[in-house]
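Trainee: Can you keep this structure in mind? I'll have questions shortly.
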Amino acid sequence: MESAADPAKAGGAGRAAAPSGGAASPGQYCIEVSNLVKLYGDVRAVDGIDLRIRRGEVFAFLGPNGAGKTTTVEMIETIRTPTSGTIRLKGMDVGKRIDDVKKMIGVLPQEFSSFDNLRVRETLEFYASLYATRRSVDELVRLMDLGEHSRKLYKNLSGGLKQRVGIAVALVNDPEIVFLDEPTTGLDPAARREVWRVIAGLKLEGKTVFLTTHYMEEAEELADHVAIINHGKIIAEGTVDELIERHGSGLTLIIHGAQGGLDDFFKEHGLRPAECKDDLCLKIKDKDELLRVLQELKDHDIRFKEFNVRRSNLEEVFLRLTGEKLAVGEPR
Ligand SMILES: Nc1ncnc2c1ncn2[C@@H]1O[C@H](COP(=O)(O)OP(=O)(O)OP(=O)(O)O)[C@@H](O)[C@H]1O
Ligand SMILES: [Mg+2]
């Protein structure tokens, strides 16, 4: 994704290069959202957002509960009608080309459910029958590892398996753009990683994936670009590395089991202890400063049990930007 407000960044650095490389022309964006608004009475669920997502990228949309993620996604999918603003998929105005849009998108809604009394295979066959272009049901069963469950009734599946069926249904028309609204919520860690593998595979096939998630490590693992929405507004966007660089607290040196005298040492050396629970934490600018501090601790014969170094991560950035409380002991 590129900030619509910052055309200079179009085609800029990211973990994944633009498919065609170089600066992007407007037509290169697969999804373009401009000044999108959705009001529910007095509630500004989506409050004037801009998004630009390139073809072939995995875009992660993050935000606290009620931030406006599902409302946004479902407006792009043509399921909800915007109050104002424009949405283009591959240059098409979605409000005017609903039938064309439906052919090229696949959707896993946040609360996917299907027919209780259809078997898994029958479910996929049913959805596939609705489209002229479709992926083979055998392939979908294989892709989502549903082989041993394909004869089970939907209603008898575990929550995780239902979710896997939902993802298979989203892919049934072999869509160019796939919207997954919290695809791994409720999955066990192994099943979650299986879904990550599928998403990474979709990217390799050149598909564009719009992923909504509450799992920061999922975004770190998969996303080329990330946007964070809060109270209906985009509050940050960029690659994971850019967000951590811009909004994180950098490196923190944590010293465990120090034997007194450290406060004086810090003062003497102009170092800033960070708020920390039991241990002593120091904000460190970069690797060189880290090495210097460790050397000075040694030179001053300051004893401690052990140390470790923590780098900011997306979770810290997310909590900081959305105003959620950090856990005690987290660097500020
Ligand atoms: N159909 C609706 N009618 C009225 N208000 C709604 C409707 N759908 C959503 N809202 C409100 O709009 C806001 C955004 O909701 P939305 O479901 O888009 O959030 P979300 O970011 O997807 O949250 P979550 O992480 O919990 O799924 C919330 O205040 C919600 O209560
Ligand atoms: Mg939602």
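Trainee: Of the conditions (1) farther than 30 Å from residue 52 by Cβ; (2) crowded, with 19+ Cβ neighbours inside 10 Å; (3) within 16 Å of ligand 1 (Cβ to nearest atom), residue 146 satisfies every one except a single condition; which number is it?
Mentor: Every condition holds for residue 146 apart from (3).
Trainee: Please determine whether any residue of region 142-162 is within 16 Å of ligand 2 (Cβ to nearest atom), modelled with pLDDT under 95 and outside any helix (DSSP H, G or I).
Mentor: Scanning region 142-162, I find no residue that is within 16 Å of ligand 2 (Cβ to nearest atom), modelled with pLDDT under 95 and outside any helix (DSSP H, G or I), so the answer is no.
Results for (1) exposed (fewer than 15 other Cβ atoms within 10 Å of the Cβ); (2) modelled with pLDDT under 85; (3) in a helix (DSSP H, G or I), shown as yes or no for each residue.
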position	(1), (2), (3)
211	no, no, no
214	no, no, no
229	no, no, no
234	no, no, no
246	yes, no, yes
270	yes, yes, no
291	yes, no, yes
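Trainee: With the checklist (1) touching a strand residue (DSSP E or B) at 6+ places or on another chain (Cβ under 9 Å); (2) surrounded by fewer than 18 Cβ atoms within 10 Å (Cβ to Cβ) in hand, flag the one item residue 301 doesn't pass.
Mentor: It fails just one condition, (1).
Trainee: Please list, ordered by first then second residue, the pairs with beta carbon atoms under 9 Å, 6 or more apart or interchain, first in region 161-184 and open to solvent by 10 Å² or more (accessible area, probe 1.4 Å), second more than 16 Å from ligand 2 (Cβ to nearest atom) and polar (S, T, N, Q).
Mentor: Every condition considered, the pairs that remain are 162/114; 169/114; 169/123; 174/133; 176/208.
Trainee: Answer yes or no: is there a residue in region 48-63 that is open to solvent by 20 Å² or more (accessible area, probe 1.4 Å), within 16 Å of ligand 2 (Cβ to nearest atom) and either of a type outside the set (A, V, I, L, M, F, W, C) or not assigned by TED's automatic domain parsing to the domain that holds residue 196 (or both).
Mentor: Of all residues in region 48-63, those open to solvent by 20 Å² or more (accessible area, probe 1.4 Å) come to 48, 50, 52, 55.
Next cut, within 16 Å of ligand 2 (Cβ to nearest atom) only: none.
Looking for residues that are open to solvent by 20 Å² or more (accessible area, probe 1.4 Å), within 16 Å of ligand 2 (Cβ to nearest atom) and either of a type outside the set (A, V, I, L, M, F, W, C) or not assigned by TED's automatic domain parsing to the domain that holds residue 196 (or both), one finds none in region 48-63, hence no.
Trainee: Restricting to region 256-268, count the residues that are in a strand (DSSP E or B) and at pLDDT below 70. Walk me through it before giving the result.
Mentor: If we filter region 256-268 for residues that are in a strand (DSSP E or B), which is where we start, we get 256.
Remaining after also requiring at pLDDT below 70: none.
Here the count works out to 0.
The values are calculated or read from the model by the stated rules, or taken from the named source; none is laboratory data. All figures in this text were calculated on a predicted structure; none of them were measured in a lab. Every residue, glycine as well, gets a Cβ built from its backbone with ideal geometry; the counts of neighbours run over all protein chains shown. These area figures cover heavy atoms from the full protein model, side chains too; ligands, DNA and RNA do not enter into them. Shrake-Rupley method; radii C 1.70, N 1.55, O 1.52, S 1.80 Å.
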